[in-house]
1. Give me the extension gain from Lys54 to Leu266: residue separation times 0.36 nm, minus the current Cα-Cα distance, reported in nm with one decimal.
2. Under 5 Å between amide H atoms, partner at least 5 residues away or on a different chain: which partners does Ile38 have, H built in plane at 1.01 Å?
3. Just how many pairs of Lys in the chain have C-alpha atoms closer than 27 Å, counting pairs that are eight or more places apart or on different chains?
4. Sort the following peptides by mean Cβ neighbour count (other Cβ atoms within 10 Å, averaged over residues), highest first: 57-70, 103-116.
5. Give me the angle, in degrees from 0 to 90, between the Cα long axis of helix 269-286 and the longest principal axis of the Cα atoms of the chain, rounded to the nearest 10.
6. So what's the angle, to the nearest 10 degrees on a 0 to 90 scale, between helix 73-83 and the longest Cα principal axis of the chain?
7. First check a/c for segment 7-196, with a ≥ b ≥ c the square roots of the eigenvalues of its C-alpha gyration tensor; if it is under 1.5, answer rounded, and if not, answer prolate when a/b is larger than b/c or oblate otherwise.
8. For the chain, take the longest principal axis of its alpha carbons; what is the angle in degrees between that and the long axis of helix 48-58, to the nearest 10 within 0 to 90?
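All of the numbers you see were taken from the coordinates with simple rules; none came from a lab. All figures in this text were calculated on a predicted structure; none of them were measured in a lab. When we count neighbours, we look across all protein chains shown, and the Cβ atoms used for this are built from the backbone with ideal geometry, even at glycine.
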Amino acid sequence: MKSDELVSVVIPAYNGSQSIGKCLEALLAQSYRNIEIIVCDDNSSDETVDVVAKFTCSDLRIRFIHSSINTGPAGARNRGIKEAHGSFIFFTDDDVVVPPDWITTGLRIFGDTNCVGIEGQIIYVSSTYRPRFSDRVVGNTSGNHFMMANMAYRKDVLFEVGLLNESFRIMEDRDLALRVREYGNIVFSKDFSVTHMRDQRTIKSFLLEARGSAAWVQFDIVNKQRDQMTWFIYRPFKLLALMFPPLIFSRYFSASFKSPFDYLLLLALYPRLWYERILVWKWAFRYKKFVI
């Protein structure tokens, strides 16, 4: 590996005007200087374009790609990969802050381990922060999650596996990692660490999180993981909670409630459960996976 290797950083952006400024400031403060930062806007409806424009005017290492349609994170990242000139592509999100030695650490791990990918630690807000019930917690401290908020890959391997599967709106990162591991090792390292900014749910986003379980079924069908698929389809506790709603609240007694909105979200738990089960069963019926 050359000491001055060009590194590409790909960031999908969607309505991230409140956070992407801090994300870009941290990337421009990297101790490793030979980088290009590719921001792939996925048809944002807020001021994301204007915020990024201020950075592109002051630093030529930042490039901006805008899509006129919303394709999801897989499509946005694929556009960035195709535009990247570096041999290594580091991925993060528009609501993540990286430390000054992020790229230096990643390149060292590539050199020391001869791996084809690196999975890094993601700390939500801080190591001492106790999330509220209304927080959408994004964290990874144990590995084997392959969350693209903190991943790095050799670019040639990404093209070997056919890039990200754009039919996935969720789980596209895990699907990619499983295919990449057929070509070499993906190393998890806590030294390769980032911090995810606080992300507060809305009622709409809270309900839409139900799509995650349905995505697991789709993912398991594609990757032929029958055991996990059976679990996501049947989920005995959730079936009981549908019949006896108070059960659903028992899992949240340990959550931190600090605002009226935290309590308001509790009212959305039961409709979210129904929405989740309907989505899961829809996939199961579609692929005839109730009998496995």
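1. 72.3 nm
2. Hits under the 5 Å cutoff: Val9, Val10, Ile11, Arg63.
3. Final tally of qualifying lysine pairs is 24.
4. Working: 57-70: 13.0, 103-116: 17.6.
Averaged packing, sorted descending, gives the order 103-116, 57-70.
5. 80 degrees
6. Tilt of helix 73-83: around 10 degrees.
7. In terms of gyration-tensor shape, rounded.
8. The two axes meet at around 10 degrees.
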